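Notes follow the structure.
The values are calculated or read from the model by the stated rules, or taken from the named source; none is laboratory data. Just so we're clear, the structure is a prediction, and the values are computed from it rather than from any experiment. Quick reminder, even Gly has a Cβ in these numbers, built from the backbone with ideal geometry, and neighbours come from all protein chains shown.
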Amino acid sequence: MNDDRHSRFRDAHSDRDRAEHVPSTPQTESPAYRLAFADKDFLCRDELRPVRLQLELLKPQLMLDEHGIESTIVMFGGARIPAPKDKDQARTKTLRDLSHFYDEARKFAKLMTEKSMVAGGKNDVIVTGGGPGVMEAGNRGAIDAGGASVGLNIVLPHEQAPNEYVTPDLCFNFHYFAIRKMHFLMRARAITVFPGGFGTLDEMFETLTLIQTGRMERVPFLLFGRAFWEKIINWEALADAGTISEEDLDLFRFVETAEEAIHIIDNWAPAPPRDSLPGRDD
């Protein structure tokens, strides 16, 4: 945290510490007396949701800025995909068959991180959801290369913790899915999507929608595992029905290997956001 201050006013830390050591009286013990910014019960009130949204956007933004992170490589993918050594514990044959994508994700993250570190380690930093499966593989690959990676965890009803490979100073926890998604994309230079479930599909389609509608610049958008994606989504049927345009099928590419993905990213020609939607009348 940057402690440089340019104010002659007393700082908030000092007043918060001082307030914790005032004499105990009926007045000082009342919730009304707590400093507003140090009052957890107050900050959790429904009326404070706009403030919490702002804080959740601002905290990771400031900390990523302080670490000099300029751009990221996003890795979406299923939490249930096991490492190959654990595939016999997978609950379905399909998950066992998909386990090789754990190693492919790990290799991709390692290669991208090695390239990033040659250039100073501030660009193309791996970012995952911070959980198990493909996310763990991504953060683990960055560790394999001796580099840092970001984890954007979120509080869920079932107990969970970030995977052990996320760089501790770049491991964030979120309450709001929407703000977490913004942080995935604000610095993204490329999006990679490995096989996954509802969460992965949600992240994939929301990002595609932002690009499709011109709300986000076009970046390399890579789907690992053509067979998986063409089995669960009939892309051509969407185009044939007219609910998307044929041009929308060009917003992403299928890849199978880490090397193939990196080749596309390295040779990507920058493209501005769309200024119109193909196939839609004005």
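Residue under question is THR200, and the condition is that it be under 28 Å from ALA90 (Cα atoms), among the polar types (S, T, N, Q), modelled with pLDDT of 95 or more and surrounded by 19 or more Cβ atoms within 10 Å (Cβ to Cβ); does it hold? Yes. If you go through the range 165-176 and keep only what is out of contact with any Pro (no Cβ under 8 Å at 6 or more places or on another chain) and either in contact (Cβ under 8 Å) with a residue 24 or more places away in the chain or crowded, with 17+ Cβ neighbours inside 10 Å (or both), you end up with TYR165, VAL166, THR167, ASP169, LEU170, PHE174, HIS175, TYR176. Among the residues examined, THR192 does not qualify as hydroxyl-bearing (Ser, Thr, Tyr) and more than 14 Å from GLU260 (Cβ to Cβ).
Restricting attention to the range 1-34, the residues being outside any helix (DSSP H, G or I) and within 30 Å of PHE177 (Cβ to Cβ) number 3. Just one residue in the set ARG189, ARG140 is modelled with pLDDT of 95 or more, in a helix (DSSP H, G or I) and buried (at least 17 other Cβ atoms within 10 Å of the Cβ); that residue is ARG140.
Among residues of the range 84-99 that are aliphatic (A, V, I, L, M), those with a Cβ under 8 angstrom from a residue that is in a helix (DSSP H, G or I), sequence gap 6+ or separate chain, pair up as ALA90/ARG96; LEU95/LYS87; LEU98/PHE228. Scanning the range 227-255 for residues that are outside any helix (DSSP H, G or I) and of a type in the set (Phe, Trp, Tyr) yields a count of 2. Summed over the range 65-89, residues that are closer than 30 Å to LYS122 by Cβ and not in a helix (DSSP H, G or I) total 15. Taking the residues in the range 244-268 that are polar (S, T, N, Q) and without any contact (Cβ under 8 Å) to a residue 40 or more places away in the chain as candidates, determine which candidate is surrounded by the fewest Cβ atoms within 10 Å (Cβ to Cβ). Once the filter is applied, the top-ranked residue is ASN267.
Inspection of the range 43-53 finds a residue satisfying the criterion of being aliphatic (A, V, I, L, M) and touching a residue at least 60 places away in the same chain (Cβ under 8 Å).
Taken together, the residues in the range 55-107 that are closer than 30 Å to LEU43 by Cα and polar (S, T, N, Q) amount to 1.
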